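What follows is a short report on a single structure.
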Amino acid sequence: MSNSSINELGIGFKAMSAAFTGFNESTLQGTGLNDVYLQTVCNALNQTLVEELIALYATLVLENPDNPKGLKHAMRHQIFASPKWAPLAQNIIQLWYTGTWNQMSFDWTQAYGPFFPNDNTAIVSSDSYKQGLIWKAVGAHPMGAKQEGFASWAFPPPSAPEN
Amino acid sequence: MDKDKDFDVVIVGAGISGAITANELAKKGYSVLILEAGVKKSNNYQSYLSYLDTYYNNMVKIPNSPFPNNPDAPQPLVTDAQQIVPGTPDTTGYFVQNGPQPFQSTYTRSKGGTTLHWLGTCLRMLPDDFKEKERYGTGLDWPISYEELMPYYRKAEHEIGVSACVEDQTFHGVHFEKDYVYPMKKVPQSYLDQKLGDWADGFEFQYEGESYEVDIVSTPQGRNSTPNPNYDGGKGYQPVGAVGNPDLGQRCEGNSACVPICPVQAKYNALKTLKKAVETGQVKIWSQCVVTELTYDTGNGHITGVKYKKYKNPNSGKHKEKKISAKRYVLATHAVENAKIMLASGLYSTSGLMGKNLMDHPVLLTWGLAPEKVGALRGPGSTSGIPTMRGGDFRSNFSPFRVEIGNWGWNWPDGSPFTQLNEALSTGNMFGDDLKQHMFELNQRMFRFGFLIEQQPAETNQVTIDPAYKDQLGNYRPVINYDISDHEIKGMVAAKEFTKQFFQAAGIDDQTQYNPTAPGYMYNDGNELWWQGAGHLAGTHIMGTNAKNSVVDKNQKCWDYDNLYMIGCGSMPTVSTSNPTLTMAAITFMAAEQLILDLEKESILV
């Protein structure tokens, strides 16, 4: 995959990931890992599948202009209720939240592969662990990194997670 | 061999007890060699950071996750333990487990030892703990009293750098010298601790006709906090930062990863003491040297040398066999390995107690959702506890326990927050903002108790060896027989009742659920129980008043081998309800003092 195509695809991947994870695009950009994760998914599976999912999401956005409720409904029906797309979308959420790529299930691979030789469960990197969105979601910081400072734990927690 | 004769003392094991002993000897001008089984690591901070990187990249973040497995010096892992089928030894991990219960605690075979992954809790034992048999008819009595140990507790608190408040620690008869203050002020108690304190204000635990007043008290910790200017008669205290990067770690920064690794070394580890010891010029550390046995003179019972295997590469199994001699020998390899080396050497104890009385704190966990956000997953693993049930007349009836308040949500019992993410995706069918909000609301309210139950010494809980079980280097793997007694089970039942009453009083939604297939699961008289290891291995070469009732004397010198000290938690006759490292460090200072007297006496005789 060329650099230019990953850049282009990266824009779509980021927009889709924002809708999947509940974090806005600037937060995702701030992790520095958007293109790394796109590459991770493409390497583990293949680029065609990723492109199809990004295109599907883009279509749903176009079909629901200025209608967040409608978009959410469409995403649930078209992606998160789809035997093909739900496992992949959930795995992309896992990737963003934990920095870990999880191997797809045997049945899913049989149906949509049928063979992905590079699809292995692994933490992408030290950085991906530290950038895991799960810590922002729970109003904390990654255990062992991004420390909050002496006595921070004695003060009230944040009232809401980051955007 | 001439070069070898240069060492006055050979210490086996570069953990906290070996480090303290080496440093004390070196300060008096004695030459010391430390043999360490773990891989060679330099003293720079970069080298320590490689552990951190291993931790980040490890899928399973257990206590030994930053410290790579080494087939030449294997270490137990908490994930090895499983329920044991009667009559079938479990050989899954490094330990060979005969049961009936699995021994679930671990230690680290690396330079710095298990202090690399300890939590840092530095509670003193209660005065009553030293005379448990006399007072309550259970356990054993120590050959020393609390009062005798007080000056050594001070040394230990200085060496480790303990942050605590004297007023908070004076319970159950614990007392301090007039004007004593800890080196550093107490680590600020977490927001969770404060909230629980509010909710439980006035709560009394009712049990078996008695009523117990419940207080939430700050925990002394080997973790850098604000130095106390009144320490040491007004001289104050300078916190010790990271080895090789001393400006770092002057205060705890809230990395929330004390176990398994403090990234900035604001938490004490033995690398700090080792550094001082080596800087005296009197101490050498030889890594990758796994001690296999001690040789001795059958005539006079003196130890004559240490046999060890030096390996180049932890994966090959290739090694050279070597031997070294000195005037005195110190085994400081932690409870299990100490006993194992003695048994492998054919060095038994007149008492018959070598390897026996293996103890731990079985930890019963209970957990729930607080009525409002408590800010889980921030700060040190625990900043407060409840000492109420650590002491009292009930001890003759059931095991006492300390309550540790956990600051990291349900991370220990159920792997939060990852487990909740998996559930939210797989069965919750959530995504987007709903997912994020759900994770926030749920995790923010999580907390857990950990009940550290005192385990009684029992000779049937023991470490043995069997030629059928050896590691890659041909060294024995520890064979362990282990069980939980009725006394301890009754303590766990009381702990569950404590949870029930406390949660009712505080309005906490009990979410405790035990998995019947998990190691440590028990069903007792209608009570579901589940305990895990605390990593507080003790016993195996207990101290006592004579050669018949113990392996070592109060100075941790072997009754049977005059030039050999066996030091560490293995010398503790009872494990009480305090985490053992502080007391172990205190008795190590005592042992070092006696060892120096021995050497001085010998030099006069020569």
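Quick rundown of the values:
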| item | result |
| --- | --- |
| Search result, residues across region A:127-163 that are of a type in the set (D, E, K, R), farther than 16 Å from B:K436 by Cβ and either assigned to a loop (DSSP other than H, G, I, E, B) or free of Cβ contacts under 8 Å to residues at least 12 places away in the same chain (or both) | A:K146, A:E148 |
| Residues located in region B:374-394, provided they are touching a Phe, Trp or Tyr at 6+ places or on another chain (Cβ under 9 Å) and away from every other protein chain (no Cβ under 14 Å) | B:I386, B:P387, B:T388, B:M389, B:R390, B:G391, B:G392, B:D393, B:F394 |
| Some residue of region B:177-193 being assigned to a helix (DSSP H, G or I) and surrounded by fewer than 20 Cβ atoms within 10 Å (Cβ to Cβ) | no |
| Residue within region B:395-408 that is within 11 Å of chain A (Cβ to nearest Cβ), touching a strand residue (DSSP E or B) at 6+ places or on another chain (Cβ under 9 Å) and under 17 Å from B:S218 (Cα atoms) present | yes |
| Among residues of region B:410-419, those that are in a loop (DSSP other than H, G, I, E, B) and more than 8 Å from chain A (Cβ to nearest Cβ), counted | 3 |
| Which numbered condition A:G22 misses (of (1) on the phi < 0 side of the Ramachandran plot; (2) within 14 Å of chain B (Cβ to nearest Cβ)) | (1) |
| Residue in region B:273-287 that is among the small types (G, A, S), assigned to a helix (DSSP H, G or I) and buried (at least 17 other Cβ atoms within 10 Å of the Cβ) present | yes |
| Of all residues making up region B:261-272, the number that are crowded, with 24+ Cβ neighbours inside 10 Å, within 14 Å of chain A (Cβ to nearest Cβ) and either among the β-branched types (V, I, T) or over 14 Å from B:L248 (Cβ atoms) (or both) | 1 |
| Residue satisfying condition, being under 25 Å from the mean Cα position of the chain (by Cα), in a helix (DSSP H, G or I) and of a type in the set (D, E), within set B:E497, B:E488 | B:E488 |
| Output for region B:462-471, where each listed residue is outside any loop (DSSP other than H, G, I, E, B) and within 30 Å of B:T577 (Cα to Cα) | B:Q462, B:V463, B:T464 |
| Residue match in region B:295-306 (condition: farther than 22 Å from B:T114 by Cβ, free of Cβ contacts under 8 Å to residues at least 40 places away in the same chain and crowded, with 17+ Cβ neighbours inside 10 Å) | yes |
| In region B:295-317, the residues that are outside any strand (DSSP E or B), in contact with a strand residue (DSSP E or B) (Cβ under 6 Å, 6 or more places away or on another chain) and of a type in the set (S, T, N, Q) | none |
| Residue check, B:K320 closer than 15 Å to B:G38 by Cα and surrounded by fewer than 20 Cβ atoms within 10 Å (Cβ to Cβ) | no |
| Residue in region A:63-83 that is acidic (D, E), assigned to a loop (DSSP other than H, G, I, E, B) and within 11 Å of chain B (Cβ to nearest Cβ) present | no |
| The one condition in (1) within 14 Å of chain A (Cβ to nearest Cβ); (2) touching a residue at least 40 places away in the same chain (Cβ under 8 Å) that B:G241 fails to fulfil | (2) |
| Scan of region A:19-74 for residues that are hydrophobic (A, V, I, L, M, F, W, C) and over 15 Å from the mean Cα position of the chain (by Cα), ordered by number | A:A55, A:L56, A:A58, A:L60, A:V61, A:L62, A:L71, A:A74 |
| Hey, A:P156 within 11 Å of chain B (Cβ to nearest Cβ), surrounded by fewer than 16 Cβ atoms within 10 Å (Cβ to Cβ) and over 15 Å from A:T21 (Cβ atoms) or not | yes |
| Matching entry among B:G281, B:G233, B:G244, B:G222 (being in contact with a Lys or Arg (Cβ under 9 Å, 6 or more places away or on another chain) and either of a type in the set (F, W, Y) or at positive phi (or both)) | B:G244 |
| Residues within region A:117-132 that are in contact with a helix residue (DSSP H, G or I) (Cβ under 6 Å, 6 or more places away or on another chain) and either more than 8 Å from chain B (Cβ to nearest Cβ) or modelled with pLDDT under 95 (or both), tallied | 5 |
| Selected residue [within 11 Å of chain B (Cβ to nearest Cβ), under 20 Å from B:I261 (Cβ atoms), crowded, with 17+ Cβ neighbours inside 10 Å and touching a Leu at 6+ places or on another chain (Cβ under 6 Å)] from A:A145, A:A140 | A:A140 |
| Any pair with Cβ under 7 angstrom, 6 or more apart, that starts in region B:118-142 at a residue that is farther than 19 Å from B:Y152 by Cβ and without any contact (Cβ under 8 Å) to a residue 40 or more places away in the chain and ends at one that is part of a loop (DSSP other than H, G, I, E, B) and not small (G, A, S) | B:K133/B:L140 |
| Per-region count, region B:420-461, residues part of a strand (DSSP E or B) and either out of contact with any His (no Cβ under 7 Å at 6 or more places or on another chain) or within 14 Å of chain A (Cβ to nearest Cβ) (or both) | 6 |
| Candidate set: region B:361-373, residues that are buried (at least 24 other Cβ atoms within 10 Å of the Cβ) and among the aliphatic types (A, V, I, L, M); chosen: the one farthest from the other protein chains (Cβ to nearest Cβ) | B:L364 |
| Boolean, B:T88 is in a loop (DSSP other than H, G, I, E, B), farther than 11 Å from B:P519 by Cβ and touching a Ser or Thr at 6+ places or on another chain (Cβ under 7 Å) | no |
| Among the residues listed as B:D525, B:D553, B:D509, the single one being in contact with a helix residue (DSSP H, G or I) (Cβ under 9 Å, 6 or more places away or on another chain), surrounded by fewer than 24 Cβ atoms within 10 Å (Cβ to Cβ) and at pLDDT below 95 | B:D525 |
| Members of region B:398-429 found to be buried (at least 22 other Cβ atoms within 10 Å of the Cβ) and under 27 Å from A:A19 (Cβ atoms), listed by number | B:S416, B:P417, B:Q420, B:L421, B:A424 |
| Residue check for B:A200: within 14 Å of another protein chain (Cβ to nearest Cβ) and small (G, A, S) | no |
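Every residue, every condition in (1) within 14 Å of another protein chain (Cβ to nearest Cβ); (2) crowded, with 20+ Cβ neighbours inside 10 Å, yes or no:
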{"position": "B:G18", "(1), (2)": "no, yes"}
{"position": "B:E24", "(1), (2)": "no, yes"}
{"position": "B:K27", "(1), (2)": "no, no"}
{"position": "B:K41", "(1), (2)": "no, no"}
{"position": "B:D53", "(1), (2)": "yes, no"}
{"position": "B:V60", "(1), (2)": "yes, no"}
{"position": "B:P68", "(1), (2)": "no, no"}
{"position": "B:P71", "(1), (2)": "no, no"}
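The values are calculated or read from the model by the stated rules, or taken from the named source; none is laboratory data. Just so it is clear, the structure is predicted and the values come from calculations on it, not from any experiment. For neighbour counting, all protein chains shown are included, and Cβ atoms are generated from backbone atoms with ideal geometry for every residue, glycine included.
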